[in-house]
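**Q** Questions regarding the structure given below will be posed in turn.
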Amino acid sequence: MNSPRAYPGGCASRQRGAALVIALVVLLILTIVGVTALVSTALEGMMAGNIQEQNRALQAAETGIDAAFTTPDAFKITQTQTDQSTTASKANASAFKTSANGASYTYTNTFTTYTKPPRSQSAQYSATRFSAAHFQTVSVGTANIGASVTLTQGLFQITPKVE
């Protein structure tokens with residue numbers, strides 16, 4: 001007769017199902033880790049795409065600022081009153097274009113006010129004969145998915161005072 005084998009630590013029938021349970025628990029943990037990694041990768045891809053589109057919108061808005069500064073007569077003032085202390089005189093220029101990266105931009109130049117020439121310019125320009133005409137340029141860049149960036153740039157131009 002064959003005698004039953006002796007197993008250290010207990011009966012053989014109790015240990016036969018333990019390996020299956022442990023394997024299933026490990027497989028469940030690995031599945032959860034794998035699904036989490038897939039979801040994380042997908043979210044990172046979407047975030048990278050959104051950052052790229054935001055960058056395209058920023059570049060388009062900067063192109064709009066550059067276009068405003070290089071457009072002839074973009075900062076030309078149409079004088080409606082001879083008193084330069086008022087802001088009734090307006091200079092407006094605007095454009096809508098598509099930039100090289102497929103995004104679009106619009107810009108608007110607006111005359112805001114006259115002031116005395118700044119100190120850095122006062123040695124060259126007399127405040128009795130010249131004024132500083134201040135303008136504001138607003139450029140809005142829009143990417144393909146709707147990301148939008150607005151940039152505002154101010155500048156002044158030395159102009160002769162109107163008598």
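**Q** Which residue out of 100, 95 is part of a loop (DSSP other than H, G, I, E, B), modelled with pLDDT under 75 and closer than 30 Å to residue 146 by Cβ?
**A** Result: 100 is the single residue among 100, 95 that is part of a loop (DSSP other than H, G, I, E, B), modelled with pLDDT under 75 and closer than 30 Å to residue 146 by Cβ.
**Q** So, one more: So in the stretch 126-142, with the set limited to residues that are of a type in the set (S, T, N, Q) and assigned to a strand (DSSP E or B), which one is modelled with the lowest pLDDT?
**A** 131
**Q** A further question on this structure: Would you pick out the residues in the stretch 131-161 that are buried (at least 18 other Cβ atoms within 10 Å of the Cβ) and more than 19 Å from residue 69 (Cβ to Cβ)?
**A** 131, 142, 143, 147
**Q** Another question about this same structure. Taking the condition at pLDDT 90 or above and under 30 Å from residue 102 (Cα atoms), does residue 45 pass?
**A** yes
**Q** Can you tell me which residue among 34, 17 is small (Gly, Ala, Ser), at pLDDT below 90, over 30 Å from residue 153 (Cβ atoms) and over 26 Å from the mean Cα position of the chain (by Cα)?
**A** After applying the criteria, what remains is 17.
The values are calculated or read from the model by the stated rules, or taken from the named source; none is laboratory data. Note that the coordinates shown come from a computational prediction; the quantities given were computed from them, not determined experimentally. Note: ideal-geometry Cβ built from the backbone for every residue, glycine included; neighbour counts use all protein chains shown.
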